[in-house]
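Below is one structure, written out as structure tokens; comments come after it.
The values are calculated or read from the model by the stated rules, or taken from the named source; none is laboratory data. Only a predicted model underlies this, so the values are computations on that prediction, with no experimental measurement involved. All Cβ positions, glycine included, derive from the backbone under ideal geometry; neighbour counts span all protein chains shown.
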Amino acid sequence: MSVEQADDGLETQAKKRIIWLSQEIRSADALYYQDDNPALSDADYDALRRELISLETEFPHLIRKDSPTQSVGVKPAGKFGKVKHSVPMLSLDNAFSDEDVTDFCARVKRFLSLPETDVLGFTAEPKIDGLSAALRYENGKFVKGATRGDGQVGEDITANLATLDTVPKHLTGEGWPEVVEIRGEVYIGHDEFDTMNVAQVAAGKAEYKNPRNAAAGSLRQIDPSVTASRPLKFFAYAWGEVSEPFAETQMQAVERMAEWGFDVNPQMRRHESARAMVAHYTEILNARAGLGYDIDGVVYKVDALGLQDRLGFVSRAPRWAIAHKFPAEKAVTTVEDIDIQVGRTGSLTPVARLTPITVGGVVVSNATLHNADEIARLGVKVGDSVEIQRAGDVIPQVLRVVEPAQGEAFTFPTQCPVCAAPVSSDVDEKTGRHDVVRRCTNGLSCPAQAVQALVHFVSRQVFDIDGLGERQIEAFYEKGLIKEPADIFTIRARNAEIKLETWEGFGETSAAKLFDAIDARRTIPFDRVLYSLGIRHVGRTNSRLIAQHFIQWDKFWNAVPELQNPVSDPYMSLLGIDGMGQAALGSLARFFSSESNHKIVENLVEQLNIEDAEAPTPDSPVAGKTVVFTGKLELFSRDEAKARAQSLGAKVSGSVSRKTDYLVAGPGAGSKLKKAEAAGVKVLTESEWLTLIG
Ligand code: IVH
């Protein structure tokens, strides 16, 4: 085998892994941001993200537009009005070790072309484990409050945020800009959380899992008087849109916010070395239990705002800040049983049922075992005493067996535990290796898969049908009333037979409400219909890309038969979309090759009025253009110039070709300049380029 072939194999593997990682991260994001119901531990999630980032760094041309590293979270899902963030609300990159912090400081200096020996100021403050919110003030008056949502568009929760004592209705002091958007974290303190749970128990209701979940639920109440009754608080630590600058440093900005009436965190300090930052981290970690609210790390930020501006963002996170995460909390307990859950795509996930134990203030009784390989790696079986780990408010994981029990090793089922169909795992065409995930082969004929597919269909990000959740879907499915999505839309017409109003848990009003909620969703955007089908690898982002490509559902539908042919025009043109890959297209084609799937979609579409998609519009003079930088740049480091161009939607390439739109040439430019001139590529000086991008 030649070196080139080996590289090719590596690249193919990397591509597959990138697709898989992206999907895992996206679905975890959806559960975390939308359902307040995280499926992965922070550590697991972070490991996936780190692996993806490292593969993307190694193979930058494999970075997909829809990669989770290129965006934050998922879109908000209805109920509240939308608020477009004029300055995106971003996330933070993570540091897990002291070394990561040293690297961060060095990276910042390198980007700014500063010598390593230069002293640079950084602030350090606790990372509050709550929910971020943006508060807009006009002439000092609180006018709008929003959630982060996907970072671009959030939800309008003005009325709810206005009920918080720590959200000033009018700014105090003086000198605030005419327009200023203050950002920070909404959270619930430990004592208040305990009181809330005592009241829940007294009212015969379920306790809240943790303060973050309680805060999330309290903030998204339709009725602001419910929010008002909850002990929510707000810490200010950042800002978005401002009509004029109001500080020169991060420290000063936070001092101004305190003058204007906001709570700011008293643990915030300024440091001038990675060593001092890490020492402060240790101090905060030690003080953690006594702070009175949950924190999950320490955030470091470059103090000088002028430098923050120059550092800018890498798609989802600023280059000038990093979150140094705390280690996850651990405990030892016993595995009482190992259950297998069957997911929407037939995946069999083993779950350890544990003797309940409190880890970091939360009672844990289940932990994911991920897949058969993980069980084998851990060597875990029923009766074992195991160490578990819980980070944040996510499903805990088993780390290791502490003391094995007597008895047989766990045997992974070869039949689906729900429908008894055989289990199989995908085989990688190139490597011949089996995927670690085992799946039930019965498709929608497996009741577990069918129910999960329907649950996905009605879920918040998809058809978002109020009053139709897992419990109701299961009941309808069991009674044979809803077998496929189209059946949901014919329930009202069939109600003379069904008599939903006589069912336990339903009355005249709730039945009528459900029918109205269903009817309200008959008009629905193209991308949601595609996403609703639950096709593997065709998630939200790919559905949107496909919808934006075809614009009209009918055009897509006419192209469907041709998707079976990988050299057909529709197939090739979809493959040409930035961000679409073979896996998604292959999966789409496979889905529609089944006659019963085809029929299911046909039946559904008959019930709907599908809205056209909107074509994306470029919004900067260099969006979609290809730029090459050459020679010595005098105003910026190469990284900074490249980052600026990319943030404006340009593609930055290392070599000149006929596809190059601009060559930005500094002093000392050589062969690239000659090649560009020969190819008729537009050549700009650094300052001409700056004028062009404004
Ligand atoms: S700064 C542009 N500071 O952590 C970045 N974020 O994982 C602005 N968070 O979305 C964020 N405490 O919700 C910042 N002291 C703090 C924070 C903090 C909590 C949250 C915030 C952010 C998330 C990122």
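Would you call Gly145 within 16 Å of the ligand (Cβ to nearest atom) and more than 18 Å from Ala214 (Cα to Cα)?
The answer is yes for Gly145.
Of all residues in the stretch 236-251 being within 16 Å of the ligand (Cβ to nearest atom) and surrounded by fewer than 21 Cβ atoms within 10 Å (Cβ to Cβ), which is nearest to the chain's Cα centre (by Cα)?
Among those residues, the one meeting the criterion is Gly240.
Out of Leu92, Leu48, Leu10, I need the residue that is surrounded by fewer than 20 Cβ atoms within 10 Å (Cβ to Cβ), at pLDDT 75 or above and not in a helix (DSSP H, G or I). Which one?
Every option except Leu92 fails the conditions.
Please state which one of Ala650, Ala676 is aliphatic (A, V, I, L, M) and more than 27 Å from Leu90 (Cβ to Cβ).
Answer to the check: Ala676.
Suppose we filter the stretch 109-132 for residues that are at pLDDT 95 or above, crowded, with 19+ Cβ neighbours inside 10 Å and away from the ligand (no atom under 14 Å from the Cβ); how many remain?
Looking only at that region, the number is 0.
For the structure I just gave you, tell me whether Val538 is in contact with a helix residue (DSSP H, G or I) (Cβ under 7 Å, 6 or more places away or on another chain), surrounded by fewer than 20 Cβ atoms within 10 Å (Cβ to Cβ) and not charged (D, E, K, R). Spell out the reasoning first.
On the way: in contact with a helix residue (DSSP H, G or I) (Cβ under 7 Å, 6 or more places away or on another chain): yes; surrounded by fewer than 20 Cβ atoms within 10 Å (Cβ to Cβ): no; not charged (D, E, K, R): yes.
No: the conditions fail for Val538.
Applying the selection to the stretch 313-342, what residues are away from the ligand (no atom under 11 Å from the Cβ) and over 30 Å from Pro447 (Cβ atoms)?
Listed by number, the residues that qualify are Val314, Ser315, His324, Phe326, Pro327, Ala328, Glu329, Lys330, Ala331, Val332, Thr333, Thr334.
In the stretch 448-489, how many are outside any helix (DSSP H, G or I) and either basic (Lys, Arg) or in contact with a helix residue (DSSP H, G or I) (Cβ under 9 Å, 6 or more places away or on another chain) (or both)?
Result for the stretch 448-489: 17.
Within the set of pairs 6 or more residues apart or between chains, which connect a residue that is assigned to a loop (DSSP other than H, G, I, E, B) inside the stretch 347-371 to a residue that is surrounded by fewer than 18 Cβ atoms within 10 Å (Cβ to Cβ) with Cβ atoms less than 6 Å apart?
So the pair list comes out as Gly360/Glu329; Asn371/Val436.
Could you list, in sequence order, the residues of the stretch 180-232 that are within 22 Å of Leu90 (Cα to Cα) and either within 13 Å of the ligand (Cβ to nearest atom) or acidic (Asp, Glu) (or both)?
Glu181, Ile182, Arg183, Gly184, Glu185, Val186, Tyr187, Arg212, Ala215, Ala216, Leu219
I'd like the full set of residues that are farther than 16 Å from Gly680 by Cα and assigned to a loop (DSSP other than H, G, I, E, B), limited to the stretch 644-668.
Leu648, Gly649, Ala650, Gly654, Gly666, Pro667, Gly668
Do you know which residues across the stretch 283-316 are among the hydrophobic types (A, V, I, L, M, F, W, C), farther than 13 Å from Glu125 by Cα and touching a strand residue (DSSP E or B) at 6+ places or on another chain (Cβ under 9 Å)?
Within the stretch 283-316, the first condition is being among the hydrophobic types (A, V, I, L, M, F, W, C), and the residues that meet it are 284-285, 287, 289, 291, 295, 298-299, 302, 304-305, 307, 311, 313-314.
Subsequent filtering for residues that are farther than 13 Å from Glu125 by Cα retains 289, 304-305, 307, 311, 313-314.
If the condition is that a residue be among the hydrophobic types (A, V, I, L, M, F, W, C), farther than 13 Å from Glu125 by Cα and touching a strand residue (DSSP E or B) at 6+ places or on another chain (Cβ under 9 Å), then Ala304, Leu305, Leu311 are the ones that fit.
Name every residue in the stretch 166-206 that is exposed (fewer than 14 other Cβ atoms within 10 Å of the Cβ) and outside any helix (DSSP H, G or I), in order of residue number.
Result: Lys169, His170, Thr172, Gly173, Glu174, Gly175, Glu178, Ala203, Gly204, Lys205, Ala206.
Any idea which residue in the stretch 280-323 is surrounded by the fewest Cβ atoms within 10 Å (Cβ to Cβ), counting only those that are of a type in the set (Lys, Arg) and part of a loop (DSSP other than H, G, I, E, B)?
Looking at residues that are of a type in the set (Lys, Arg) and part of a loop (DSSP other than H, G, I, E, B), I get Arg316.
To keep it simple, each residue is scored yes or no on (1) of a type outside the set (Phe, Trp, Tyr); (2) modelled with pLDDT under 90; (3) within 20 Å of Gln23 (Cβ to Cβ).
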residue	(1), (2), (3)
Glu508	yes, yes, no
Arg540	yes, yes, yes
Pro566	yes, yes, no
Tyr571	no, yes, no
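Would you be able to say whether some residue in the stretch 134-153 is without any contact (Cβ under 8 Å) to a residue 24 or more places away in the chain and over 25 Å from the mean Cα position of the chain (by Cα)? Walk me through how you get there before you give the answer.
First, pick out the residues of the stretch 134-153 that are without any contact (Cβ under 8 Å) to a residue 24 or more places away in the chain: 143, 145.
Filter once more, keeping what is over 25 Å from the mean Cα position of the chain (by Cα): 143.
Within the stretch 134-153 (the criterion being without any contact (Cβ under 8 Å) to a residue 24 or more places away in the chain and over 25 Å from the mean Cα position of the chain (by Cα)), the answer is yes, since at least one residue qualifies.
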